[in-house]
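Encoded as structure tokens, the structure appears first; notes follow it.
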Amino acid sequence: MDKRTWIKNEIAAWRAEGLVDAATAERLEARYAAAPGRLSWGILLAGVFGAFLVGLGVIALVAANWDAFGRAARTAVAFAPVVLCGGATLLFAAKEKTSAAVMEPMGVLWFAAVAAGATIVAQTYQVGDSVAGLLLFIAVLAYPALFAVRARVATVVWTVFAIVWACVKADEGGKSAVLAWGALGGIPALSAAAWTWAVRCRGEGALTASCRGAMGLAWAAGLPLVAVLAMPWHIGDDWHWALFFGAALATGVLERWTGHKAWSVAGTLVAIGAAVPTVAPWHHGDGLVFLFYCISLAYALFLAVQGVWRRNLWRLNAGTLLAAWLVLGKFCGSDVPFTVKGVVLIAAGVALWALNFWMVRLGKREAAK
Amino acid sequence: MKTKAWIRWAAAALAVQLAALGWLVACYELVVQKGEEVRIPCGAFDPSEPLRGRYLSVRAELECRDIDPDTPLDEMDWKTRRQFFRKLVAKLEPAEDGPASHRVARLALHPDGEGLWVKPAGVWESRVRFPGKLFMDERLAPQADRIFAGRGEETEAVAVYRAWKGKIVITDVELDGVSIRELARRARDEAAEAGGEG
């Protein structure tokens, strides 16, 4: 049940109980019916994911002619999304449109733009040797933007970046591995401390929620990674997925125990994170990898169905996007020309928007009844 | 947060990002425009990485035994030795003969006097390794790999670098003086034509 339906029912109950008169009830209903010009999280995510798919499609179309571009053109392509995101944020800020509804997707887009820009520049200008260095560069460069727009989802995703950097660095060994191991242990510890601090000082609010999300993610994603790296005996690489799915499940159970939805969101994100790489190419004898791919596909469909069942756009979009990723990932790995891939990706993005449009209309129709 | 604060933070974040990316571009362009060309014989194959995609892994190495004679290399354990080699810079001088345009004349902890000093990608004992990732178009890299693997014994493969003010960057790999990108592009077009005719 969304907040608007809940308040409508409450006002009806107050009126029935004689707490408010008919005129006050009408005024209250009018107030809460008119106020929400806000978009739901589901629609925001659909907008961002749809834009992401369309963006991928455009990239595929550009990639079809990538070698025809010179260094200057590639640099322009790298800088353009960063400038657009920064410019859009400045424009929104100047017009005082700084609500979460605007700034959350902006944060995700800006983060993605920085990652894409840094990667294209590094590729074009043969910059850097190690992947860990590039990950750290992207993380450090993206953080000021996330701070500027106060984006919670992007900040939670940023935690994953920091964890992956720490893991890659710890795996590489050497002097800075000590720092990386410190970061691996520190991320869950710091997020726990931040959560405690936020609860004590600020009570319930955006900061508390983001700290909880970061903590859930750090525990659900960080601890299995530490277990994989620090385990004294070797387990098959393919079984790492089982660890992540298990940690995601445990985080979901913690949600039941603690009653905090952020843990469930973190668990879902980790399960999605574990499912995403199963799309990698299979080789002879990869039976276990194929099994995890099937589990991932089943999980994606479960999320989407759960989303429709609960009228929860967030879950619907997460499931649809994951399913699209798993299917389109295999499709993009095929030998089909890039132009066809681009067109299919754009179509998938448009289909996601259409699906959300249908869900919103369905919700409105049901609310009207 | 007030509007002015939003604008200030967002503008500062954007400025930092553009400056950092611009710095990377400027560093490379300056070395390429102003640097001296260095050509080193190499081997190469085609792996890929998750972020930057496919690249030619170039193995370009030169020999140098001239390390500061006062360095107590024999007394160092393996770890100290590795850290010591990591810090070394190399002095390049034009080579008089052989396929390489330059030779490593000296290895030292700091540039010692005039000359073309560069920071190599790595040094181990007497072997000096130069930057070895040439990122390529996703479809050209496998072609380049095939061309490299199928080249004749007489074919001269060199990694082309530019070196300036302590920095050395890879710009190309050439087979008998022709860019590997150009060769891969030709092979791709020929394959496309043959496919079209077939």
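Ignore the peptide's own chain and count Cβ atoms of other chains within 10 Å of each Cβ in B:133-143; give me the average, rounded.
Working: counts 7, 1, 7, 3, 7, 4, 5, 2, 0, 0, 0.
If you average over the peptide's residues, the count of other-chain Cβ atoms is 3.
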- [ ] Can you pull the one-decimal nm distance between simple spin-label points at residue A:250 and residue B:126, each 7 Å off the Cα toward Cβ?
- [x] 5.4
Task: Exercise: per-residue mean of other protein chain Cβ atoms within 10 Å, B:21-30 - done: 5
Task: Simple label model, 7 Å out from Cα along Cβ direction - residue B:179 to residue B:86, nm - done: 3.5
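What is the sum of charges around residue B:109, taking Lys and Arg as +1, Asp and Glu as -1, for the other residues whose C-beta is under 10 Å from the C-beta of residue B:109?
On the way: positive: B:87; negative: B:68, B:112.
Neighbourhood net charge equals -1.
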Open item on the list: Using +1 at the C-beta of Lys and Arg and -1 at the C-beta of Asp and Glu, which of B:115, B:135, B:58 has the Cα lying farthest in the positive direction of the dipole of segment B:36-197?
Closed with: B:135
TODO: Please label the shape of segment B:36-197 as rounded, prolate or oblate, based on the square roots a ≥ b ≥ c of the eigenvalues of the alpha-carbon gyration tensor (a/c under 1.5 means rounded; beyond that, a/b larger than b/c means prolate, else oblate).
DONE: prolate
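Given Cα pairs under 8 Å that are at least 6 residues apart, what percent is the relative contact order of chain B? Don't jump to the answer; show the numbers that get you there.
Working: 322 pairs, mean separation 49.2, N = 198.
RCO, chain B: 25 percent.
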- [ ] Of the listed pairs B:91/B:165; A:8/A:97; B:34/B:165; A:169/B:119; B:91/B:119; B:34/B:91, which have alpha-carbon separations greater than 20 Å here?
- [x] A:8/A:97; A:169/B:119
- [ ] Sort A:69, A:137 so the one with the fewest other Cβ atoms within 10 Å of its own Cβ comes first.
- [x] A:69, A:137
Task: Summed side-chain charge close to residue B:60 - residues other than residue B:60 whose Cβ falls under 10 Å, Lys, Arg +1, Asp, Glu -1 - done: +2
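Could you list A:32, A:293 in order of exposure, starting from the residue whose Cβ has the fewest other Cβ atoms within 10 Å? Walk me through the numbers before you get to the answer.
Details: A:32 15, A:293 21.
By the 10 Å Cβ count, ascending, the order reads A:32, A:293.
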Task: Neighbouring partner chain Cβ atoms per residue of A:87-95, average, 10 Å criterion - done: 4
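Read the figures in this text as sums done on the coordinates, not as results from a lab. Keep in mind that this is a model prediction, so the values were computed, not measured. Positions of Cβ are backbone-derived with ideal geometry, glycine not excepted, and every protein chain shown enters the neighbour counts.
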